[in-house]
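As C-alpha cells, the structure follows; a few thoughts come after it.
The values are calculated or read from the model by the stated rules, or taken from the named source; none is laboratory data. Every value quoted in this text rests on a predicted model; they were computed, and no experiment measured them. Neighbour counts are summed over all protein chains in view; Cβ atoms, including those assigned to glycine, are modelled from backbone coordinates with ideal geometry.
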Amino acid sequence: MVEENWTSERRLRYELLDKWQWHIIFYLDVLEQNQADSVKKLVLPNRLINPLYGREVLNQRLQEMATGAPSIEQVWEITKKLPSLSKLLSEERDNE
Amino acid sequence: MPKYFLETSAFLKRYKEEAGSNIVNNLFNNRHELFYLNLAIIEIRKVFYRLWKYPLQQDDPITEEEFNALSSRFAEDILQMQRIEFTEEMIGQAITILGKAWVPNIFDLAQLSAYLIAKKEYPDVIFVCSDERSKLIEGVKQFVREGDIIVPGGI
C-alpha cells in the first residue's frame, strides 16, 4: 500500500512492481493450467473402444429386415438380369 | 460339424445363380457351421445399394422392392450364421500377414486375418472365397494347406 510520506520515485517503483506482480501471477496461473491439461488423459467413451457396442441395435435391425425373407429361388429370379455379384464386389474392391 | 468361413465374394454367390452358387447354397442347406466377418455386412449391403441407388452406367438397376427382398434374404441368412467381430488381435494379424504376403485390399486383408484367427480356435475351418482377381487366394495359400480352401466357381 502506498504511504503518504513516500517520495514520488518510490511511489512510481511501487506502482510498477505492483503492476508486474499481477502479470506474473496471471502468467503462472496459465502455465499451471497448461501443465494440468497435458497431464490429464482423455478417457474415451465405450462406443469408441468396445467393438460390440451397438450390437443389439444392429441385431434388431437385422431381425426386422429378415421378416418375410423370400426364398433363394425368388432372389435368383431378381438377380437373373444382373451380372455376377462377386464380380461387382471385385470392381468395388479395386476402386477402394 | 464341418465349419466354413465365408469370405464376401463367395457369400455373394448365394444371391445370384452362377458358377459356384450351388456349392455355396449347399453349405447353407446342409448342417454346417458357417462363419462370416462382421465387415462382410457392409460389403454385401454396399453391393445391393449400388445395384439399387448408385448404379454405374453399365448396371441395370434393381427396384426398391427387389433391393428389400435381397436385403431381407441376406439378413435372414446371417442370423443363422456365426458372426466374427473384427478385433484388435486381427489388426495385429493383418500386420503379420503383410510381412509375408502382399494383400493390397484392406477388406481382403481383414477377411484373411479374421480367418486365420478363427482357425486358431477351430483348426478344421475351411476358407471359402471366390474373388477371381484378388491376391486373397494367393495370400491365404501362404498360410494354410490348399485343402483348407474352397473356391466356388473356380478362379
Qualifying positions in the stretch A:38-96 - out of contact with any Ser or Thr (no Cβ under 7 Å at 6 or more places or on another chain), polar (S, T, N, Q) and at pLDDT below 90: A:SER38, A:ASN95
What number of residues within the stretch B:12-21 satisfy the criterion of being free of Cβ contacts under 8 Å to residues at least 60 places away in the same chain and either within 16 Å of B:LEU136 (Cα to Cα) or surrounded by fewer than 24 Cβ atoms within 10 Å (Cβ to Cβ) (or both)? 2
Restricting to the stretch B:130-149, name every residue that is at pLDDT 95 or above and surrounded by 22 or more Cβ atoms within 10 Å (Cβ to Cβ). none
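Looking at B:LYS100, B:LYS13, which one is more than 22 Å from A:LEU52 (Cβ to Cβ), basic (Lys, Arg) and more than 9 Å from chain A (Cβ to nearest Cβ)?
B:LYS100
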Exactly one of these conditions fails for B:PRO61: (1) surrounded by 13 or more Cβ atoms within 10 Å (Cβ to Cβ); (2) modelled with pLDDT of 95 or more. Give me its number. (2)
Would you call B:GLU18 acidic (Asp, Glu) and either at the interface with another protein chain (Cβ under 7 Å from one of its Cβ atoms) or in contact with a strand residue (DSSP E or B) (Cβ under 8 Å, 6 or more places away or on another chain) (or both)? yes
So which residues in the stretch B:26-54 are surrounded by fewer than 17 Cβ atoms within 10 Å (Cβ to Cβ) and either at the interface with chain A (Cβ under 8 Å from one of its Cβ atoms) or in contact with a Leu (Cβ under 8 Å, 6 or more places away or on another chain) (or both), if there are any at all? B:PHE28, B:LYS46
Scan the stretch B:1-44 for residues that are more than 16 Å from B:ALA75 (Cβ to Cβ) and aromatic (Phe, Trp, Tyr) and report the count. 3
Within the stretch B:63-80, work out how many residues are within 11 Å of chain A (Cβ to nearest Cβ) and in contact (Cβ under 8 Å) with a residue 12 or more places away in the chain. 9
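From the residues in the stretch A:75-93 that are assigned to a helix (DSSP H, G or I) and more than 7 Å from every other protein chain (Cβ to nearest Cβ), which one is surrounded by the most Cβ atoms within 10 Å (Cβ to Cβ)?
Checked the stretch A:75-93; the qualifying residue surrounded by the most Cβ atoms within 10 Å (Cβ to Cβ) is A:LYS87.
Out of the stretch B:95-138, which residues are touching a Cys at 6+ places or on another chain (Cβ under 7 Å) and closer than 9 Å to B:GLU7 by Cβ? Steps first, please.
Here is the first cut: in the stretch B:95-138, the residues touching a Cys at 6+ places or on another chain (Cβ under 7 Å) are B:136-137.
Listed by number, the list holds a single entry, B:LEU136.
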Filter the stretch B:118-149 for residues that are more than 14 Å from chain A (Cβ to nearest Cβ), of a type in the set (A, V, I, L, M, F, W, C) and not in a loop (DSSP other than H, G, I, E, B) and give the result. B:ALA118, B:ILE126, B:PHE127, B:VAL140, B:ILE149
Checked B:LEU70, B:LEU109 against criteria (out of contact with any strand residue (DSSP E or B) (no Cβ under 9 Å at 6 or more places or on another chain) and closer than 28 Å to A:GLY68 by Cα); the one match is B:LEU70
